[in-house]
Amino acid sequence: MDDLLRAAAERSIRYLAGRDARPVGPMPGAVERMAALGGSLPEEPSDPAAVLALLDEVGSPATVVGTGGRYFGFVTGGSLPAALAANWLAAAWDQNAFSRTTSPVAAVLEDIALAWLVDVLRLPAGTVGAFVTGATMANFTALAAARHAVLARAGWDVEAHGLFGAPPISVVVGAEAHPTVFKALGLLGLGRDRVVRVPADDQGRMRADAFPRLEGPAIVCLQAGNVNTGAMDPFAALCPLAREAGAWIHVDGAFGLWAAAAPGRAHLLAGVELADSWATDAHKWLNVPYDSGLAFLRVGEALRAAMAVSAAYLPEMASREPGQYTPDSSRRARGVEVWAALRSLGRAGVADMVERTCRHAERFAAGLRAAGYEVLNEVVINQVLVAFGDAETTRAVVAGVQKDGTCWCGPTVWQGRTAMRISVSSWATTEADVERSLAAMLRIAGERKVGKLTIGGW
Ligand SMILES: *Cc1c(COP(=O)(O)O)cnc(C)c1O
């Protein structure tokens, strides 16, 4: 095993060291060459070193280099050094984070990481949390607790009896809510389409003046960080309206919640602490390896009621039993990497990472505007939407940027306009990365303008 693990470490180091000298997308021909990974199931065992070599030689070139400094897709970050190293060690530990008995260290690291997260994200003291795979599952987990709480208040035990015959729940979402919120609502039997949609403004913020009148059990889903613009819902105006109606307030803050960690940006989230639950990702702005999401609840009781394996598990334990707070039972120890990321960065490091990436976004916006291109959003955090002309032109530039390989950005449609989305989320992005990427974008857009889109590159 020793030589094999040393080889794995060496191959990993070589992969990371080489990421600057290759395209951000897959290497030319790499996707086709993955056929070598398949074929029929081998009849006989093979040497693990040969398995690792095949994986590296065929698999590594077919990756998207999300760990590098010039990946600006999907608001996902890379892996901080301490988080990646902790991930390797945790893989060697192979802990089952289900309970304090199956893994004392996983349970304690989760406790510590949760307390630090509540602190750095400025959530109310006493907030409890669950470690899940991502913000989709964090939305699901928190909304399951919401479903429990609003129906319990109406005298209905949803875990025991389901939704058949239950009092109806009004579900309120913003017109620009993330698609995964609807997925979570569908999984919970609350329906993707029976929601009340509140109009949003030109940045995607729910309009407080359009907030509906609510009666009976109700859940209001707000958003911290629109996936396109980065805009925050006006929590200070909306939360009191929802609270007055007796509604449960949930916030999808997959990446935007992290703005609370930067002193210069925290004001954007004023009032978010008035909510009952929050969903966020650690694999986005905290830069830990996939998969890592977090659900937070002001009061843990509803989450435990929704997630405990059986009612017999319900008596409160002296300490938090992780498996009573998550949809999973057996699961990996995600708290390890979150702990390592926070322990290595400290409060100042998290603040700096968030602020730095926001500044990089501002630089992109300024450089694109100066070249005459239209930035469609107010760049309040780390998101930039740019149009290079009409939809066809913008789509061609996005395709050109991806093919060129200097950096990676995806296309989007924002309130009817086709745009390229730049999400600066990685700890690894330097000013040099920004300038090099900006130059590539401008070169490609310029070539398109004069009708000779010749993509150079790799
Ligand atoms: C990314 C994102 C999600 C989904 O997160 P996953 O980690 O992919 O499950 C949900 N909401 C918002 C606002 C997001 O940006």
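Give the accessible surface of the chain per residue, rounded to a whole number of Å², with probe radius 1.4 Å and ligands, DNA and RNA excluded. Walk me through the numbers on the way to the answer.
Values: 19460 Å² over 458 residues.
Roughly 42 Å² per residue, with all protein chains present.
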**Asked** Expressed as a fraction of 2.2 N^0.38 Å, the rule-of-thumb size for a compact globular protein of N residues, what is the C-alpha radius of gyration of the chain?
**Response** 1.02
**Request:** With runs of 4+ DSSP H residues as the only contributors, calculate the mean residue ellipticity of the chain at 222 nm using -39,500 (n - 2.57) per run, divided by the residue total and rounded to the nearest 500.
**Result:** -12500 deg cm²/dmol
**Message:** Under a crude label model (7 Å from the Cα following the beta-carbon direction), how far is ALA348 from ALA92 in nanometres?
**Reply:** 3.1 nm
**Prompt:** What does the accessible area of TRP88 come to, in Å² to the nearest 10, when a probe of 1.4 Å is used?
**Reply:** 110 Å²
**Asked** For the chain, what is the charge dipole size about the Cα centre, in debye to the nearest 20, if Lys and Arg each add +1 at the Cβ and Asp and Glu each add -1 at the Cβ?
**Response** 920 debye
**Request:** Return the aspartates and glutamates within reach of LYS284: Cα separation strictly under 17 angstrom, same-chain partners fewer than 8 residues apart disregarded; answer none if there are no such residues.
**Result:** ASP252, GLU337, ASP352, GLU355
**Fill in**
So, with points 7 Å from each Cα along the Cβ direction, the ALA371-ASP2 label distance in nm works out to 5.3 nm
**Prompt:** In region 399-421, which residues have a backbone nitrogen under 17 Å from the label point lying 7 Å from GLU435's Cα in the Cα-to-Cβ direction?
**Reply:** 407
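Can you pull out the trypsin sites (Lys or Arg not before Pro) in region 363-458 whose DSSP state is coil and whose Cβ has at most 11 other Cβ atoms within 10 Å?
Of the trypsin sites (Lys or Arg not before Pro), the ones in loops of region 363-458 whose Cβ has at most 11 other Cβ atoms within 10 Å are LYS452.
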**Message:** At 0.36 nm per residue, and after removing the present C-alpha to C-alpha distance, how many nm does the segment from TYR290 to ASP193 gain when stretched out fully?
**Reply:** 31.9 nm
**Fill in**
Taking the alpha-carbon centre of each part, the distance from region 370-439 to region 141-155 in Å is 40 Å
**Request:** Specify whether the C-alpha gyration tensor of region 2-68 places it in the rounded, prolate or oblate class, a ≥ b ≥ c being the square roots of the eigenvalues: rounded for a/c under 1.5, otherwise prolate if a/b is larger than b/c and oblate if not.
**Result:** oblate
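The values are calculated or read from the model by the stated rules, or taken from the named source; none is laboratory data. The model shown is predicted, which means the values in this text are computed figures rather than measured ones. Counting neighbours? That spans all protein chains shown, and the Cβs are built from the backbone with ideal geometry, glycine included. To get the accessible areas, we keep the full protein, side chains included, count just its heavy atoms, and leave off ligands, DNA and RNA. Shrake-Rupley method; radii C 1.70, N 1.55, O 1.52, S 1.80 Å.
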